[in-house]
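The values are calculated or read from the model by the stated rules, or taken from the named source; none is laboratory data. Since we're looking at a predicted model, the values are computed, not measured. Note that each Cβ is placed from the backbone with ideal geometry, even for glycine, and that neighbours are counted across all protein chains shown.
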Amino acid sequence: MVQLGLSVLRLMRRHGWRLGLAAGAVVLAGCALKEPPTHSAVVKQALPQGTRIPGTWRAGDRAGEVGNGWVAQFNDPALRAIVDEAIAHNPDLRAAAARVAIAQQTVVVVGSSCCRRSASD
């Protein structure tokens, strides 16, 4: 085993620059990039065959406010589960505003302790 290691070291001394050059060429060849896929190729791969995407999107003729149970109109349990999970893990806006107010007050308190002046000054 030691002799094998010594023979490898001798080989590296004699042909080290060639091996380094070959290793560098292999590394650079691995970095060669192909052209990115086109938009149509990505869409074709991602969507089921036969799916048509309209050129422009149009809303229906119905106008008005969105009701609370709008997700139930789709009759899709998977969609309902996704929406429920999003609502459950979405922080409430009022809680976020309260955290901002706490942070602002913390800055005021820390700033006042940094610039404290004594009565003897």
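For the condition modelled with pLDDT under 85 and surrounded by 10 or more Cβ atoms within 10 Å (Cβ to Cβ), Leu4 does not qualify. Applying the criterion of being of a type in the set (D, E, K, R) and modelled with pLDDT of 75 or more to the residues of the range 86-121, the residue that is farthest from Val71 (Cα to Cα) is Arg99.
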